[in-house]
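The values are calculated or read from the model by the stated rules, or taken from the named source; none is laboratory data. The shown structure was predicted, so the numbers you read here are calculated from the model rather than taken from an experiment. In this analysis, Cβ positions are derived from the backbone assuming ideal geometry, glycine residues included, and neighbour counts consider all displayed protein chains. For accessibility, only protein heavy atoms count, side chains too; no ligands or nucleic acids. Shrake-Rupley method; radii C 1.70, N 1.55, O 1.52, S 1.80 Å.
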Amino acid sequence: MTPWKVLVVDDEEGIHGITRMIFRGYVFEQRPIELISAKSGYEARTQLAAHPDIALALLDVVMENDDEGLQLVEYIRNQLNNQDIRVILRTGHPGYAPESQVIVNYDINDYLSKAELSASRLLTSVVVALRSFRDIKNARTQATQDNLSSAPDEQRLATISQQLNQQVRPLLKQSQRLQQMDLNPVANDLAVGLHAHHQRLDNSITMLNPGTSVTQADTVALAPLMDEILHTFLPQSRQDGWLLDYKLDTALAAEIHCDPILIRQILISAIELAILQANGADLKLSLQPAARQGQLLISVSLNDGQPVFPSSHWSQCLQNHLQRLCQQLQGRLSEPDERGTINCQVTLL
């Protein structure tokens with residue numbers, strides 16, 4: 001079987017020896033792991049050129065420079081334009097690159113401290129990364145096959161989604177009007193639930209036919225928006241017995257300038273994806289300033305429990321939709337970490 005290629009970049013020979021010992025004879029999904037060693041950033045770049053099919057890079061942060069590992073991440077993502085390879089940073093000097101800053105600013109998949117690193121922890125991180133790499137490759141293969149074989153189906157799907165949109169939009173308006181009427185508590189609760197289902201249905205239909213749209217800047221009040229999003233998922237959370245809460249960073253202004261339609265779609269889609277991964281656990285939606293000025297970080301995380309990473313077509317549709325929405329706002333969607341946290345970084349207008 002073709003081995004999984006794992007690039008190990010570290011200027012300490014002892015680290016290479018320990019890593020070889022841990023993975024000696026280890027097999028993941030009936031495929032062995034082939035370790036490729038590099039002891040500097042230069043050697044790592046050479047190995048990356050020689051082995052374009054590397055699945056995972058284990059990078060030391062501090063080598064010939066204090067941030068050589070971070071420079072390698074930038075090289076992989078921006079110069080090689082390789083978004084598929086999974087990247088795990090390992091460091092014996094956490095102070096040089098604090099974990100919270102690195103995870104927000106760099107497209108990495110895990111951050112490990114050598115001082116606290118056990119064989120079990122390293123194996124777990126590597127398996128999660130290889131599984132993610134496998135899913136990305138499978139999704140790309142499937143997308144290529146779909147593009148080659150089903151272009152007419154995509155056209156029919158676009159037509160169907162447009163027709164559904166025409167039917168759902170009036171329902172949205174009607175359920176919104178119902179909430180403004182003087183109803184008894186039971187009827188009002190039904191009207192609120194109906195409108196919430198309509199909002200989620202409208203967002204799902206939009207995914208089927210994203211089309212192209214011009215970004216429109218407007219003032220968005222954050223607290224009312226977050227309350228609206230919570231109400232959108234309230235019927236399901238009540239039914240299934242989990243909670244959705246939100247947190248607004250105190251550093252954020254009460255109002256932001258962005259496209260209100262796109263930001264709402266991002267929030268709903270991120271929560272939809274998180275629900276699939278949460279396995280019934282409580283969720284928290286957080287908004288905070290990103291490390292890069294003028295950008296907003298949207299996170300949806302599990303309060304407890306272990307995430308499930310479904311490989312369904314619907315899950316892939318949600319991820320693709322989120323990625324498109326983030327790109328429309330000059331941002332990006334990061335891969336969920338091992339705790340299942342979804343991070344969307346977008347640029348405010």
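Descriptive notes on the structure:
- Residues (among the aliphatic types (A, V, I, L, M) and buried (at least 16 other Cβ atoms within 10 Å of the Cβ)) located in the stretch 306-322: LEU318, LEU322
- If you go through the stretch 256-285 and pick out every residue that is more than 14 Å from the chain's Cα centre (by Cα) and of a type in the set (Ser, Thr, Tyr), you end up with 0.
- Of residues in the stretch 14-57 being β-branched (Val, Ile, Thr) and out of contact with any strand residue (DSSP E or B) (no Cβ under 8 Å at 6 or more places or on another chain), the one most open to solvent (accessible area, probe 1.4 Å): ILE18
- Test: residue in the stretch 224-243 that is more than 20 Å from GLN328 (Cβ to Cβ), in a loop (DSSP other than H, G, I, E, B), β-branched (Val, Ile, Thr) and open to solvent by less than 70 Å² (accessible area, probe 1.4 Å): no
- ILE103 surrounded by 19 or more Cβ atoms within 10 Å (Cβ to Cβ), of a type in the set (Val, Ile, Thr) and modelled with pLDDT of 90 or more: no
- Within the stretch 302-330, the set of residues being over 30 Å from HIS257 (Cα atoms) and among the hydroxyl-bearing types (Ser, Thr, Tyr) comprises SER311, SER312.
- Filter pass, LEU285 being more than 11 Å from VAL346 (Cα to Cα) and either open to solvent by 30 Å² or more (accessible area, probe 1.4 Å) or modelled with pLDDT of 90 or more (or both): yes
- Selection within the stretch 291-311 - within 15 Å of the chain's Cα centre (by Cα) and over 28 Å from ARG134 (Cα atoms): LEU296
- Counting residues in the stretch 206-220 that are among the charged types (D, E, K, R) and assigned to a helix (DSSP H, G or I) gives zero.
- Residue in the stretch 46-54 that is of a type outside the set (Lys, Arg), more than 19 Å from ASN82 (Cβ to Cβ) and in contact (Cβ under 8 Å) with a residue 12 or more places away in the chain present: no
- Segments classed as helices (runs of 4 or more DSSP H), wholly inside the stretch 1-114, with at least 1 members that are closer than 26 Å to ARG332 by Cα and touching a Lys or Arg at 6+ places or on another chain (Cβ under 9 Å): 68-74, 99-105
- Qualifying positions in the stretch 323-349 - under 8 Å from the mean Cα position of the chain (by Cα) and open to solvent by less than 20 Å² (accessible area, probe 1.4 Å): ILE342, CYS344
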